[in-house]
Amino acid sequence: MITSDFVAYSLRASVTSTSPAAPDLVRDRLVALMNAIALECDKAGATLIGHIKCVLDAGNKGFLAVSTTDASGRATVRGEMKEGVNELNVIINVLLYGLARIKVQEIVDPLVREHMTFDGAKVHLEDLDKTHEALAPIQIRGLEDEPHHC
Amino acid sequence: MRRMEMLIVAGFLGSGKTTLVLSTIEKIIERTGKKVVIIVNDFGTVGIDGKIMEKYGLKVAELASGCICCTLGGDLLTTVQDIEENIKPDLLVIEPTGLADPEAIVRAMDHYPGKPLERIRSAVIIDAARFPAIFKALNRPLTSQVKSADLVLINKVDAVSPEVLEAVKADLRTLDADVPIIYVSALNGTNVDEAVDAMVAS
């Protein structure tokens, strides 16, 4: 279902604060962030929101996964954090239709900075599509001529 | 000796595939006694769905940054063979991206160099709440997903009225989807047992 107007934007937000961010605060901020991204993309003309999701892995202190599929402000949460952390590593994936990738980036990056800047925290954003962390796609013989189905 | 089976759990982005896998996999193992391995293919460069499954105690092989029915076909075959030879599961569950055509995965498996599989089945998850919008925007690929399915699970039934559910089912029937259609809520457990029965049916 990759059409010409499909866009995927992945980024990592690394947040470092001088004092631990409380679990409830982190959870609320991530929920607000996912809802805000969906709402702003919708306002900007996204024709269909596929999936907007994030995961925060705090190791033995827990994890949070938050996602939404529309702009109704009802992002759902999985997992929990057991205690506050000074360093947060959040992976965010935005998959939708109808906007240019640069437009999505222009919407998402400021929202991430706004929502993840806890008291005194520093936020570093990394466009994951530019860092080539993932496995390189491999084509095998016999499949090269298959049409693209998705 | 019985050969490995494959179950593809497909469905559009955000339809609830990961939630469904998480809510059914233990029941599948309990009910069948099968050794199960899951392959997750997430579209983002760093997969989120696989991380979530790991947090719930599942061992997950992850294929990130692309779609296995397109550019990652080779990775899929290599991963399946590696799993077959080293873990020897009875059932391999594949959760592709929400963009994948399960039929294309089946065709990719035609090139599988390992032992032939016992069978490949696909369950397609439909998001009851968003079906009208998705059906309108992506009619052809959604139709293709549904037509290739052995089972259709209409998910998120807790989020819509009975009338909406019936309308979704009626639309699906217009696609000649002559397969079992089950209403389910992977989130609150509605009909999950029935879905498990259908997913492992012989």
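The values are calculated or read from the model by the stated rules, or taken from the named source; none is laboratory data. Quick caveat, the model's predicted, so the values are computed rather than measured. When we count neighbours, we look across all protein chains shown, and the Cβ atoms used for this are built from the backbone with ideal geometry, even at glycine. Remember, those area values only see protein heavy atoms, side chains included, never the ligands or the DNA or RNA. Shrake-Rupley method; radii C 1.70, N 1.55, O 1.52, S 1.80 Å.
Does residue A:104 fit the bill of being crowded, with 17+ Cβ neighbours inside 10 Å and more than 10 Å from chain B (Cβ to nearest Cβ)? Yes. How many residues, within the range B:111-153, are in a loop (DSSP other than H, G, I, E, B) and farther than 15 Å from residue B:171 by Cβ? Residues meeting the conditions: 10.
In the set B:170, B:104, which member is assigned to a helix (DSSP H, G or I) and open to solvent by 50 Å² or more (accessible area, probe 1.4 Å)? The conditions single out B:170.
Elements of the type strands (runs of 3 or more DSSP E) sitting completely within the range A:6-81 and holding at least 2 residues that are touching a residue at least 12 places away in the same chain (Cβ under 8 Å) and more than 8 Å from chain B (Cβ to nearest Cβ): these cover A:6-21, A:48-57, A:63-68. In this structure, does residue B:62 turn out to be in a strand (DSSP E or B) and modelled with pLDDT under 85? Yes, satisfied.
Scan the range B:154-165 and tell me whether some residue there is in a helix (DSSP H, G or I) and of a type in the set (Gly, Ala, Ser). Yes, there is a match, as at least one residue in the range B:154-165 is in a helix (DSSP H, G or I) and of a type in the set (Gly, Ala, Ser). Can you say whether residue B:9 is at pLDDT 95 or above and more than 9 Å from chain A (Cβ to nearest Cβ), as far as the supplied structure shows? Judged against the criteria, residue B:9 is a match.
The residues of the range B:107-126 that are open to solvent by less than 10 Å² (accessible area, probe 1.4 Å) and under 24 Å from residue B:157 (Cα atoms), listed by number, are B:122, B:123, B:124, B:125, B:126.
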